[in-house]
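The values are calculated or read from the model by the stated rules, or taken from the named source; none is laboratory data. Because the structure is a prediction, the values reported are computed rather than measured. FYI the Cβ positions are ideal-geometry reconstructions off the backbone, even for glycines, and counts take in every protein chain you see.
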Protein chains: 2
Amino acid sequence: MTSTPPTACILIIGDEILSGRTQDTNIRYLAERLGALGIRLKEARVIPDVAEVIIATVNDMRRRHTYVFTTGGIGPTHDDITTDCIAAAFGRKVVRHPKVVAAMQAYFGDRANEARLRMANIPDGPDVALIDNRLSIAPGYRIENVFVLAGVPSIAQAMFEALEPTLTKGDPVYSQSVDAEIGEGDIADALTAIQNAHPAVAIGSYPYGRSGKICTSIVARSTDRTEIAFVIDEVAAAMRIHHAEPVFGPAP
Amino acid sequence: MTSTPPTACILIIGDEILSGRTQDTNIRYLAERLGALGIRLKEARVIPDVAEVIIATVNDMRRRHTYVFTTGGIGPTHDDITTDCIAAAFGRKVVRHPKVVAAMQAYFGDRANEARLRMANIPDGPDVALIDNRLSIAPGYRIENVFVLAGVPSIAQAMFEALEPTLTKGDPVYSQSVDAEIGEGDIADALTAIQNAHPAVAIGSYPYGRSGKICTSIVARSTDRTEIAFVIDEVAAAMRIHHAEPVFGPAP
């Protein structure tokens, strides 16, 4: 537990997201996991496979946040430039890690060619720590406060699970939702009053359609579960005034 | 058509994305549509519902890109602060648009309360243009090179369709893919050679699993369809050398 919660930024490195070819899912996965650890995700950026942009963004973000998580660009092909850029951002050389070479040779056998062995390249320095990849051997790594993960979601997730115990946690943020078949405009004034009365709770209002009906989901988020319960009760009461039946999400 | 292609940035404004509650889909939708128009999407950022961050980011991005598209934060509730922030970023007042008020009163009748009429608030100025919302009346708007859209994906899409004819197009970027049951490490050297021989084509390599098999999708992107065809043929030949049968995506 820390008095000032740790913060984080996610950098999604990949032309395939910016071209619309690929739907990113790493932001949501990391956002959920970081939230559960009490680490405040302050920003996520999707940036292209362009060295100057990657280097400048990493250097900007690592000074502003407790942790930076990158995904993408650590494979064996010509468009995988993340490691070279991370090393440049930290002013380090790239070295080939002997233990990773040995693991890749054992795993790939004859197919451990030069391209694949590039995945054993990491920035130099005694502080650089490998991040285990139980799915496909080639590791991620941590350098200072920057965690470099694969772009393939299943591998990014395996790497996050491996690094998660090393993170400094903050006070966990809890949340509860309450939904009703009601327009958010109908309860907006009530929400404003409830928000003003409970400044320690962040109240979000999210409209959606279901079977042609307009619905609203109200989400209360806070480190204080008692305050969340008060807020959710008050929101439910406001929904009932408009003859809308509240449906409660799981208790925080 | 322009000689220097127009560029764009997307700003996703919303705590619900950064908390992991909501999977963003607006980046991918806008990325695909902008790509088809030849507008180069250079960056996408997810930022929180924090006024200083929104104002600073909008002011930074609008000076760097031809177009900025924001989504989120223009509804009727207390957490909808985008319009106030956009006005502050441009040093303008917020005014209530009489035509929008009339349209909302006609649509909502008795339910056109003060909260809903806040959605008729837009930054002041003769250059500010409304963006039609055929789904739920409350419009988006354009101010200089910034387009302010709703966060709900169906409404963001309706607004984009309405504003699309006003955009300056660039040379369209075409793409074609070729997939095979092969590890990307097996064709990495060939890809490097092909990329070096065809600098006008961006070649991306994307591994994935299917039924427990390792597959790779190679995507060639360029404004020059002939060059794409050359690249795809050469990649397919490299796949066949490894006894992998190429499966071609639609012609560009």
Return the total of residues in region A:225-252 being within 13 Å of A:Ala190 (Cβ to Cβ) and not β-branched (Val, Ile, Thr).
10
Within the group A:Asp186, A:Asp179, which residue is outside any strand (DSSP E or B), of a type in the set (D, E, K, R), buried (at least 20 other Cβ atoms within 10 Å of the Cβ) and at negative phi?
A:Asp186
Restricting region B:23-50 to residues that are within 11 Å of chain A (Cβ to nearest Cβ) and assigned to a loop (DSSP other than H, G, I, E, B), the residue that is nearest to B:Ser222 (Cα to Cα):
B:Thr25
I need every pair where a residue in region B:24-52 that is surrounded by 19 or more Cβ atoms within 10 Å (Cβ to Cβ) has its Cβ under 6 Å from the Cβ of a residue that is among the aromatic types (Phe, Trp, Tyr) and part of a strand (DSSP E or B), sequence separation at least 6 or different chains.
B:Leu30/B:Phe69
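Of the residues that make up region A:101-108, is at least one under 20 Å from the mean Cα position of the chain (by Cα), in the same structural domain as A:Leu30 (by TED's automatic domain parsing) and without any contact (Cβ under 8 Å) to a residue 60 or more places away in the chain?
Step one: filter region A:101-108 for residues under 20 Å from the mean Cα position of the chain (by Cα), giving none.
Checked region A:101-108: no residue is under 20 Å from the mean Cα position of the chain (by Cα), in the same structural domain as A:Leu30 (by TED's automatic domain parsing) and without any contact (Cβ under 8 Å) to a residue 60 or more places away in the chain.
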Note on region A:119-162: residues farther than 21 Å from A:Ile81 by Cβ and either among the acidic types (Asp, Glu) or in contact with a Cys (Cβ under 6 Å, 6 or more places away or on another chain) (or both) are A:Asp127, A:Asp132, A:Glu161
B:Ala156 being in a helix (DSSP H, G or I), closer than 30 Å to B:Ala202 by Cβ and away from chain A (no Cβ under 11 Å):
yes
Scan region B:201-223 for residues that are in a loop (DSSP other than H, G, I, E, B) and either at pLDDT below 95 or among the basic types (Lys, Arg) (or both) and report the count.
3
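Name every residue in region B:217-234 that is over 18 Å from A:Glu16 (Cα atoms) and in contact with a helix residue (DSSP H, G or I) (Cβ under 9 Å, 6 or more places away or on another chain), in order of residue number.
Quick first cut of region B:217-234, residues over 18 Å from A:Glu16 (Cα atoms) only: B:224-227, B:229-230, B:233-234.
Within region B:217-234, B:Phe230, B:Glu234 meet the criteria.
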Residue among A:Asp132, A:Asp127 that is away from chain B (no Cβ under 12 Å), out of contact with any helix residue (DSSP H, G or I) (no Cβ under 8 Å at 6 or more places or on another chain), surrounded by fewer than 16 Cβ atoms within 10 Å (Cβ to Cβ) and more than 30 Å from A:Ala238 (Cβ to Cβ):
A:Asp127
Within region A:211-252, residues being farther than 25 Å from B:Phe108 by Cα, of a type in the set (D, E, K, R) and free of Cβ contacts under 8 Å to residues at least 12 places away in the same chain number 1
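Could you please let me know if B:Tyr141 is of a type in the set (Ser, Thr, Tyr), out of contact with any Lys or Arg (no Cβ under 6 Å at 6 or more places or on another chain) and without any contact (Cβ under 8 Å) to a residue 24 or more places away in the chain? It would help to see each step written out before you state the result.
Values: of a type in the set (Ser, Thr, Tyr): yes; out of contact with any Lys or Arg (no Cβ under 6 Å at 6 or more places or on another chain): yes; without any contact (Cβ under 8 Å) to a residue 24 or more places away in the chain: yes.
So B:Tyr141 fits the description; yes.
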Neighbours by Cβ (under 6 Å, 6+ apart or cross-chain): first from region A:171-184, within 12 Å of chain B (Cβ to nearest Cβ); second β-branched (Val, Ile, Thr) and in a loop (DSSP other than H, G, I, E, B)
A:Val173/A:Thr223; A:Glu184/B:Thr77
The conditions are (1) in contact with a Gly (Cβ under 8 Å, 6 or more places away or on another chain); (2) surrounded by fewer than 17 Cβ atoms within 10 Å (Cβ to Cβ), and B:Thr226 fails exactly one of them. Which is it?
(1)
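Suppose the filter is surrounded by fewer than 15 Cβ atoms within 10 Å (Cβ to Cβ), of a type in the set (D, E, K, R) and either more than 10 Å from every other protein chain (Cβ to nearest Cβ) or on the phi > 0 side of the Ramachandran plot (or both); does B:Arg142 pass it? Break it down stepwise before answering.
Details: surrounded by fewer than 15 Cβ atoms within 10 Å (Cβ to Cβ): no; of a type in the set (D, E, K, R): yes; either more than 10 Å from every other protein chain (Cβ to nearest Cβ) or on the phi > 0 side of the Ramachandran plot (or both): yes.
The answer is no for B:Arg142.
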Can you name the condition, by its number, that B:Ile17 falls short on among (1) more than 22 Å from B:Ile131 (Cα to Cα); (2) out of contact with any helix residue (DSSP H, G or I) (no Cβ under 9 Å at 6 or more places or on another chain); (3) within 12 Å of another protein chain (Cβ to nearest Cβ); (4) not basic (Lys, Arg)?
(2)
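Being at pLDDT 95 or above, more than 20 Å from B:Ala202 (Cβ to Cβ) and not in a helix (DSSP H, G or I) is the requirement here; does B:Ile12 meet it?
Details: at pLDDT 95 or above: yes; more than 20 Å from B:Ala202 (Cβ to Cβ): yes; not in a helix (DSSP H, G or I): yes.
Criteria met by B:Ile12.
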